[in-house]
Amino acid sequence: MKPKISIVIIAATLTLSACNDYFEYENQAFLKEKLVFSDYNYIKQVLTNAYTQLPVSFNRIDNAVLESAADDAEHAWDYSRVQLFNSGNWDAYNNPDDVWTRQYLAIRRANVFLNGTDTTSFSEFRYVDDITYNRYHAELKQFRAEATFLIGFFYFELFKRYGGVPIVDSVLAIDEDLNLPRNSVSEVVQFITAQCDSAINVLPVAYDANNSGRATLGAAYALKCRTLLYAASPLYNNGQYDKVLCDQSAKAAGEFLTGSLKSNYALEPNYGALFTRNWTSREMIFERREANSNYFEKANFPIGFDGSGVGATSPSQNLVDAYEMANGKAITDPESGYNAADPYTNRDPRLEQTIIVNNAMFGKRPIELWTGGLDGKGKEMASKTGYYLRKYQDDELDLLQNRTSRHTWYYFRLGEIYLNYAEAMNEAYGPMDSRYGLSAVAAVNVIRARAGMPELQPEDYASAEALRVKIRNERRIELAFEEHRNWDVRRWNIAEATLGADLKGMDVVKNTDGSFKYTPYVVEKRVFAPKMYYYPIPNSEILKQPKLTQNPGWF
Amino acid sequence: MLKVMRKITYKGKVQCLFLILLISCRVTTPSVAQGDSTLVSAEGFGDKPVHIGYGIQKEKAVTGSVSTIWSEELIKNTVTTVGNALYGKLPGLLVSQRSGEPGNDVPSFLIRGNVTYAGETGPLIMVDGFQRSFDQLTLDEIESISVLKDAVSTAIYGLRGANGVILVTTKRGVESRNKIGVTLKYGIQQPTRLPNFIGSYDYAQLYNEALTGDGKPPLYTNEELQKYRDKSDPGYYPDVNWFDAILEKSSPVWEAGMNFSGGNKIVRHFVMVNFMKNEGLFKNTRWNDGYSTNSTFERLNFRSNVDIKVNSRLTASLDISGRLEDRNAPGTAVPTIFNNIYAYAPNFFPVQYSNGTFGGNSAYQGNPLGLVTSTGYTALNDRNFQSSFRLEHTLDFITEGLTIGAVGAFDNYQRSREAYTRQFPVFQLTKGESGDEYQKFGQVTPLVRAAGYEHNYRSNFEAYLDYSRSVERHEVSAKVIYHQDKYVTNWNNDNNRPYLLMGLHGRVHYGYDGKYFAEAVVGYNGTERFPKNHRFGFFPAVAASWIVSEEEFLKPVNWISWLKVRASTGLSGNDAIGAGNDRNLYTSYFINAGSYPFGSNNGNLTATKESNYPNYRISWEKGYKTDFAVEARLFNYLDVSLNYFKERRTDIVDSRVNELPAILGIDGGYVNYGVVNNQGLEATLSFHGKVNDFLFSAGMNATFLKNTLAKRIEPAYPNAYQTRVGHPVGQIFGLEAVGFFRNQAEIDDAGTPYHTFTPVRPGDIRYKDQNGDGLIDSNDELPIGKTTTPSFFYGLNLGVSYKGLSLEACLQGIEGSTLLITGLSGPMGKRAQIADYVMNRWTPETMETAEFPRLTTLDNNNNYRTSTMWLRSGDFLRIRSVELGYELPEQALTVLKLSNLRVFVRGMNLVSFDSFKKLDPETFTGYPALRSYSSGLSLQF
């Protein structure tokens, strides 16, 4: 009897061990690494994954644009995390724009691609289909250059926030020594420019219709140009410009303006047409071609429009005042003809192409920014400054019907290159030196001419210092809301006077006769401490990686 | 026990109840001494069969820690989900109430505390031997619910047993005449306690105060404030209580059931059908033609458990049960509706204008009443079917007491989801040039249908060999079980691997002379969650018990009628190791993730990324458990038991995020690392007495827990007090508030630590600088308060009856838990509701008595962070049920030709005694928790 029991037990045990197959169900969505890096389409997808890590800059922080943390705007919702910057309420534990983890993740994604494709051979096509074989190899070379460029781009995102950061140029494993120290600013800058240089030799000048949006030769030059200009700036050079770096930056910019790429790019004739429903402009150098959407409009449409109300960007009086009169004079110039009672007439055309001022048309109606007006003070989530943002917004969208349209975010466009060039040339060689075929003044004038503004007057470029003021203001106007201001004022060492200045708005009252009374007022006292020139490295990272040193002033 | 007494007596609110218990003891002692019979006689004590894992044991032979509640007690509840009948009933089992929404009111269960910080903490739930949910069974069909707690009772479940097991057994027929039972219940229910929000006048005034404190101009003029105060212009200056606007005062719930049971030598049956309808509290849900938008739950349960003795050796059992569950809800998810109630300031806009349109504006279009009434409805229709077929054959021709058996079980779960949703417009009242104008936002859209379908099934197979025999003084029983379980979710999706379990389990039980018992149990099983070569785990446990009162030397001691000691030790596991995608932690792969737009059409190209770092040796949590217990009946009327338990839970899965720097660029995967030590004491005390025709009973059970995190991956904290290790799982960490800044001078004082979170102003919270570095930052965070789960919980069950009349009550309480109340306290810039308790905020005038910091509109990182300022005790004592019942006397029954008739009135969840008083201590947000009043009858032919 006993043996029979044991037989049953043994039989059951055998069944059990034989039944390990019982557990073998494959998840079809899980792909083996070996397969992924031997297959052309999967390889392309892995690279695409690195692209997905590029910043989504519309509504970057909690539905707010980055400029709401600068002197160009205020955000309508008090509780948005972007406000932490304005009240000085951010630190190494709580930083609404902390990208440390995200960027290193992005860098790894690109490195995984480079590492995985090191051994890709497409050998199954060899001798069988040499045409495909050769095409795949050529494309792989280009893909690898794209990944190299992206790594440079991701490091630039780190550099402009934190300064020097650890350089990781391989796929790290968990058992490696991960306690890496920070590299210096110049090492990081050299690393980024080296990435650009290696990509420049391979990347094509342009892509076919299916592949536009990929990194081009121009994108690599543009990244190199901007990186060098930043590195040349006073913040990193004891308050002075580094003329050598300026020269290198100008040279990179020169490729677009007078050099090899001159015929590939052109300024969009109409500044206003650049930002809405435009995905074909020849001004684009590197861009994110977003699929149809309306989330930016939902946040930024004036509050009286149905479907808006997430919390609008409210451009500041500080920015509005920076726009010149149409005659090219600053509004502070007594001869400018500025009329404080009629502040928006005869201004730089870019003012109304960028900002919705009171009674300006938007969609099918004028915007009522006066107190009690449809879009004005007294409404929940109405503008706090008396202005709404126009740039990038498609005012033809019916949000109630949830209509969407294409949006294009410019990481680099030709307009910036002109201004990079002007700044770099002016700082390296002065206003009128045209050793690379164009002077700083001439470069600025190209931008002004496109906007419909008169050329600079001789007193504007009497000295490099005088021109510096003009170039910086031109940059603020031309590139407003394109994620430059926050970094420009830092690298120029003028953040206390700008990011720390009172943020002003315009109080608008409608008189009984239908005219308006305009009174500027202080919307918010801003807090900026010197430590804020650099972002703090997240405290949690310093705890795990003790060799990281915190930026000065942060705890 | 002394500890129990001390603990209880110093807690004032429990004191009186304990007194009642003591008094009742005293009253009845003489009568017992006079030899009156007590409720339960010692005769046959311990012979009651108790369900344990894969078997049944007589109560006295049980060596493990098992607590059981029987049908008679369960049916004295009016609940719509079984779990809500278990508050305070079973030692070691903590039931925590959640939302009261019809059909979504399932509470959470925790057996002997939180023993893991990463994995699932909930117990394994088995209904009639297979893993199934018991939430939507009816009380009428349940015979017993056992809670298995220690090693010897859970090891047989192997890597699913460590969190304890709730074993539900349904009723079966017994050999008797055919009986017919009928139950009817009707009740009404209402919210227990809703938060009290401040009204518009206070809100506007406080908002101005907050703005002033932030250095900004006030928003509301005095004229406007006056209008909020006198409520003369509700169109422009409303004062809304959203709870009143959308919730009825009460809603009905009712249930009707019928069952048939009985059997003869060949066939035994239990057949029942039960219908329940639970209506939600929403108002105005009949505004739409043809459909309701209320949250409603209708459930039809049926069951047929049949046993057939095919011949002298073969028994066949067929169990079939099913449920139709129909849930109806507003077209907008109920949590969203309540979120909006919490998020909309009382002065935004009226609920409705005088013309009947909904209030709202561009930024706030989700008018809660509109969401309830005018966004259509969602219907969830569940059709669940469960079955099992068992064959059991005695092998007495081989040897006496040997049986072989097999069971197949198949459960099918189907849910269709049908939503008919639409939108509605809101209107903003503005003063236009020609008087009042209503600006419209949104529009009426036609109902749009969206449907979905879900099909899950579970199939089980089990085969076993059972041997049970007693020879002279020896009793031996042994069982070997092979079991496999396959659970498939979303059947038609290739990427969903089924959940698989396979195992071989066994138990040997030996008893000698009815006094000494020993047991050994082995669980050996594996699941698909682990890598091939490390898939199966071996879980052994042993136990012994000794019935001391059966020994000759105790026989003369009259006042001890029963005394048993037992001990067990062993291992069980937890395969629900947490960490998100915990079924795939051992695999390394690439997977589609996101897309990026390329090309002139801005078309998206699919992206593929690497998975997280795999761990090729990932394993289950291991629970090493040891129990010691003593159970006694004293003086023939007092039952006491004490059970000490301890568990060391190891291999808790930890993320490496806290140790690997972000420059790695990827989540560093997971490792089996953490350790939690848990120990505690369960005590029960119950008493039955009789004075003349009065019968008394009082029972108390209490569970004490002490739980320590012994090991986990932590960041390298600079100060020792920051480490989580050494504290209970779920310990709250935060800053120690030491009052408020009185003035700027105090802030600027050189001796004041620098508060780094934000530039502080007078009225902001001042914190203690724990490490003395002159800075207040996260490094000053230390353990504050207690944990969110209690360290002590108890139940009190009291009863008294006189002839047919009975009065019973069940009370349940928890101690040693902490609530965080930051949520409803601001900042006001959120424009959300503010609870009335913040009225006691800091102002220059009230700085001496203020309880909360100054109000602000900003996201003030200094004030609104976890600190002692926002902690409140989460302790409570709740009256979970009170029932007055009357059973008809026999003479009357004979006249009515009934064998039993009982009528009752009952209150559930009646009162909560707690110190916070402002919110329901268990359910702060979302659909409120409910109390109910019901009456009903049960009769039997």
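Derivation of every value follows stated rules applied to the coordinates shown; laboratory data play no part. Bear in mind that the values here come from a model prediction, so they are computed numbers and not experimental data. Virtual Cβ from ideal backbone geometry, glycine too; neighbours counted across all protein chains shown.
Charge tally around residue B:325: other residues with Cβ under 11 Å, Lys/Arg +1 each, Asp/Glu -1 each, net +1.
At full extension, residue A:190 and residue A:398 could sit 70.1 nm farther apart than now, given 0.36 nm per residue minus the alpha carbon distance. Annotation: the antiparallel percentage among DSSP beta bridges lying fully within chain A is about 95.
For peptide B:359-365, the mean count of partner chain Cβ atoms within 10 Å of a residue's Cβ comes to 6.
For the peptide A:21-33, the mean number of other protein chain Cβ atoms found within 10 angstrom of a residue's Cβ is 6. By other beta-carbon atoms within 10 Å, ranking B:351, A:205, B:50 with the fewest at the front produces A:205, B:351, B:50. Look at the dipole of chain B built from charges on Cβ: of B:318, B:618, B:607, the Cα furthest out on the positive end belongs to B:318. Summarising the label geometry, the points placed 7 Å from Cα in the beta-carbon direction at residue B:186 and residue B:443 lie 4.7 nm from one another. If you take the Cα centroid of segment A:497-516 and the Cα centroid of segment B:136-196, the two points sit 68 Å apart.
About the Cα centre of segment A:268-312, what is the dipole size in debye to 20, counting +1 per Lys and Arg Cβ and -1 per Asp and Glu Cβ, all else neutral? Computed about the Cα centre, the dipole is about 80 debye. Comparing Cα centroids, segment A:144-192 and segment B:416-475 end up 47 angstrom apart.
For chain B, the membrane-span-like helix rule (DSSP H, alpha carbon extent of at least 18 Å along the helix axis, mean Kyte-Doolittle at least 1.0) picks out B:12-33; this says nothing about an actual membrane. Packing here is the average count of other Cβ atoms within 10 Å per residue, and on that basis the peptides A:113-122, B:900-909, B:844-853, A:435-444, highest first, run A:435-444, B:900-909, A:113-122, B:844-853.
Other residues with beta-carbon under 9 Å from the beta-carbon of residue B:827 carry, at +1 per Lys or Arg and -1 per Asp or Glu, a net charge of -1.
Based on C-alpha pairs under 8 angstrom that are at least 6 apart in sequence, segment A:272-337 has a relative contact order of 14 percent. Counting pairs of alpha carbon atoms under 8 Å apart in space and at least six apart in sequence, what relative contact order in percent does segment B:439-537 give? It rounds to 21 percent for segment B:439-537. Model label sites at residue B:803 and residue A:371, defined 7 Å from Cα along the beta-carbon direction, differ in position by 8.0 nm. A simple count of charges around residue B:809, restricted to other residues whose Cβ falls under 10 Å of its Cβ and scoring Lys, Arg +1 and Asp, Glu -1, yields -1. Residue ranges B:249-259, B:546-556, B:119-129 sort as B:119-129, B:249-259, B:546-556 when ordered by packing (mean number of other C-beta atoms within 10 Å per residue, highest first). Full extension of the chain segment joining residue B:750 with residue B:406 gains 115.8 nm, where the gain is 0.36 nm per residue of separation less the Cα-Cα distance.
Put a plus charge on the Cβ of each Lys and Arg, a minus charge on the Cβ of each Asp and Glu, and nothing anywhere else: the dipole of the protein assembly as shown about its Cα centre is then about 3380 debye. Between the residues A:419, B:86, B:938, the greatest Cα displacement towards the positive end of the dipole of the protein assembly as shown, with unit charges on the Cβ of Lys, Arg, Asp and Glu, is found for B:938.
Placing +1 on each Lys and Arg Cβ and -1 on each Asp and Glu Cβ, with no other charges, gives segment B:556-699 a dipole about its Cα centre of roughly 280 debye.
Within a straight-line Cα-Cα reach of under 18 Å, residue B:60 can be paired with the following lysines, leaving aside sequence neighbours fewer than 8 residues apart in one chain: B:48, B:149, B:515, B:555, B:564. Each Cα pair under 8 Å and six or more residues apart adds its separation to the average, and for chain B the resulting relative contact order is 13 percent. Since only B:688, B:588, B:666 are under comparison, the one whose Cα sits farthest along the positive direction of the charge dipole of segment B:555-714, derived from C-beta charges on Lys, Arg, Asp and Glu, is B:688. Highest mean first, the peptides A:314-326, B:414-426 sorted by other C-beta atoms within 10 Å per residue fall in the order A:314-326, B:414-426. Counting only other chain Cβ atoms within 10 Å of each residue's Cβ, the peptide B:606-615 averages 6.
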